[in-house]
Structures are given as C-alpha cells and as structure tokens.
Amino acid sequence: MQKRTIVALPGDGIGRVVLEETIRVLEKAGFNASYVEGDIGWEFWKKEGNPLPDRTIALLEKYKTGLFGAITSKPKDAAAAELDPSLEDKGLIYSSPIVGLRQHFNLDVCIRPCKTYKGNPLNFIRRGRGDTIEEPAVDVAIFRQNTEGLYGGVEWSNPPDIVYKGLASHPRFMKNFGNVPVEELSVSTRIFTKKATERILRAAFTYARKFGYKSVTVCEKPNVIRETSGMMYKMAQEIQAADFSEIELWNTNIDAQMMWLTKNPENYGVIVAGNMFGDIVSDGFAGLIGGLGFACSANLGEEVSVFEPTHGSAPKYADYPVSIVNPIAMMESACMMLDHLGEMEIAKRIRKSIATVIQDGKVRTYDMMKMTGRADVIENGAASTRQMTDTIINNL
C-alpha cells in the first residue's frame, strides 16, 4: 500500500480529541499514512488575526488531502473582542476558516451521507397502523453545493452607491425597499453559476448510479426563488434526460421536504441542493440517524479534498477532564476519505466495526444514552470518547 501524507486539522474544542481518536482507528485498521498538523481555528484568529494561516493552505496545496476536526465561529463583534490587543484597529474581520478552505480550493462538492445504524437507540421511529412502532431505514446522501449561494460571502451593510443603483434597477426593489434609507439596508446575495450547478448535479447523478440509488431529488424553492432554484431544476431535467434516464428525478421545496423527511424518509435516495438548503436538509436527515454525533461529510475539489464531521467544536466539552463526546462522525468522515483515496476495504472494515459496536449496545456515549452532556455522565454508565474508540478498535 502506498504511504500517504494527510494534513490533520484539529481546529477547536473537541476537534482535537475526535481527530486523535480517529487517527488511532485508521492506524489500527492498517491505513499506511503519516500526518502533518495544520494550524487552523480560533486560537490563530486571536493570536494572528487569521484563523486560516497561509502555511496551512500551503500544506494542503502540497498534500491534497485534509482530515478536519471542528471549528469555533462567533459573530463579528464577539470575534473582534477576542483579538490580541496588538491586532486591534487593524480592520481585521473574522471569517470561517472552513468556508475559506472551500472557496480557496473550490471544494464545491459537499457530500453528507445519512445512513441508519441498526440498533442505534437514537434512530428515528414513528407510529404505524394499529399503533405499531416503525423504524424506517434511512439511507440518504445529500449533495450540497459548497461555494456559492448564500454562503458566497457577497454581501453589504449600507451598500455603496454602485450596488444600490444596481439594486434600484430592479422594479421589485424599488417597490418594496425604495423608501428605505440606504444606511438601514443589509444585502446578501444568492449567486448560482451554471458551471458549479452542473458539477454538483452531475456528481449527484453519478453517485446515485454508482451506489444503486433509484432517485435524485432537487431540493430547492423554484416556485419562489425562480432564477436560482429554477435554474438548478431546469439543468437537472436536461442532465437527467440526456445522461441518466434510468434514475428518477424528483423535485421538492425545502420547506415541504423538512415535513416529509419525518413522514417517509425511506423514500429518498440522493438529494441535491444549493448551499443553504443543502445545509438545512442535511442536518434534518442527520437528526433521523442519531444526530450530529453520526453526521459526516466530504468537501471535494478537483485537486484538494477535506473531510470533516458536521458537528461544532462544543468548547465546554473540551474542558472536561475525560472526553465524553461521540467520535463516530469523525470516524465516518475518515471512511469517506478512505473511499476517496481508493482504500475501500479499510473503510469497509471500520464501518463494519462501528456497526457491530452500535448493534451490540454494550458501549454507548452519552448522546446514545440520551443523557445531558455533563462531566458526570461516565459515572452514570456512558462511555468516554476513548472507551468508544477502544471498543471499535477491538472489533476491527
């Protein structure tokens, strides 16, 4: 097996512990790699005024693959208040480093699989006919366009004259906002390009074909957001008809989808959406399979790829003397990395071990035991992060 170099990006809070435990699993499973640590996150914002230093970008440019823990983000004023005094009044503005990575390396394809583990006590259940209890198997892959839309970062408060004049050229703007003083306006754009939209759609259809999903659902809002959502659905129709006719194309509105995902989640296969709606629907489906402790993701570019759990940094848990957090989302993200690198057999072994531990049910983290995340949960029977990792390693 070729020895690889992986850029390890611990980030903030619990990011370091779940990343370290995941690397233990990768090593025990036989993944032949060395790890170089990249500086990223809140501490570097406070000390350097940059949560994504150039030296970290250089590492990813060199080694191409990153495994990322978690990040802390705070509102503009709170971020400015935590800067080192020597950096104050220099016009520094915090922006999320994971968003920065996505945009710098054009990691425009985000994949967020949500798949039920048998025996997980957090799995979604519903009441069926005759007061029976049903536990539908969820197996959904959300494809989220990662670099455009509402997360594109093109926005203004008190927009400059050139922007205001452009907005004023639209009759609806003048009708609805023409009497609003410009200093009272804040504007965020939702920009879709045909190139990026085609790329995410083709990635979704290709994935559906490769893994045997029968449908691809465009989850947007074309009945209201006609230009952007409408463009995505129209392009999906053209791509499906030309190249993927064996796969059904469905169209749902994001608001209705959030209702249907708790009525019939087993009906959906691959879902594709723009940045914001993809973020929303992926968290919704993650809730059906146990929450963010099980939610993994891949951010794929043409050259560089970064793999991360979708949970946050949970800073209060990072201060506990013994870590209590669920490391499975990080491990699943590492399995996505293995798949991407062609190491499918190692990924299969790790996933099988995780499934065995969950179904056995003897070792469960606090979230799986439906406890509040406090430092004393281990005393009350919950597994620590390390104990969960050890058990997964023992079942490899």
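Read the figures in this text as sums done on the coordinates, not as results from a lab. Remember, it's a predicted structure, so these values are computed and weren't measured experimentally. Backbone-built Cβ (ideal geometry, glycine too); neighbour counts: all protein chains shown.
To keep it simple, each residue is scored yes or no on (1) within 23 Å of LYS352 (Cβ to Cβ); (2) more than 15 Å from the chain's Cα centre (by Cα).
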residue	(1), (2)
GLY284	no, no
SER305	no, no
PRO309	yes, no
SER323	no, yes
MET330	yes, no
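The lone criterion from (1) touching a Cys at 6+ places or on another chain (Cβ under 7 Å); (2) aliphatic (A, V, I, L, M); (3) assigned to a loop (DSSP other than H, G, I, E, B) left unmet by VAL140 is number (3).
For the range 244-256, a residue qualifies if it is out of contact with any Phe, Trp or Tyr (no Cβ under 6 Å at 6 or more places or on another chain) and under 18 Å from ARG226 (Cβ atoms), and the qualifying residues are THR252, ASN253, ASP255, ALA256. Being without any contact (Cβ under 8 Å) to a residue 24 or more places away in the chain and not in a helix (DSSP H, G or I) holds for only one residue in GLY373, GLY381, and it is GLY381. Within the range 328-336, identify whether any single residue is part of a loop (DSSP other than H, G, I, E, B) and either among the acidic types (Asp, Glu) or surrounded by fewer than 19 Cβ atoms within 10 Å (Cβ to Cβ) (or both), and answer yes or no. No, the range 328-336 contains no residue that is part of a loop (DSSP other than H, G, I, E, B) and either among the acidic types (Asp, Glu) or surrounded by fewer than 19 Cβ atoms within 10 Å (Cβ to Cβ) (or both). For beta carbons closer than 9 Å, sequence separation of 6+ or different chains, a first residue in the range 172-185 that is farther than 14 Å from PRO160 by Cβ and a second that is assigned to a helix (DSSP H, G or I), the qualifying pairs are PHE173/LEU167; MET174/LEU167; MET174/ALA168; PHE177/LEU167; PHE177/ALA168; GLY178/ALA168. Out of GLY278, GLY269, GLY287, one residue alone is touching a residue at least 40 places away in the same chain (Cβ under 8 Å) and either hydrophobic (A, V, I, L, M, F, W, C) or farther than 25 Å from LYS210 by Cα (or both). It is GLY287. Screening THR385, THR372 for residues that are hydroxyl-bearing (Ser, Thr, Tyr) and either surrounded by 22 or more Cβ atoms within 10 Å (Cβ to Cβ) or within 22 Å of the chain's Cα centre (by Cα) (or both) leaves exactly one candidate, THR385.
For the range 344-355, the set of residues classified as over 11 Å from ALA29 (Cα atoms) and in contact with a Phe, Trp or Tyr (Cβ under 8 Å, 6 or more places away or on another chain) consists of ILE354, ALA355, listed by residue number.
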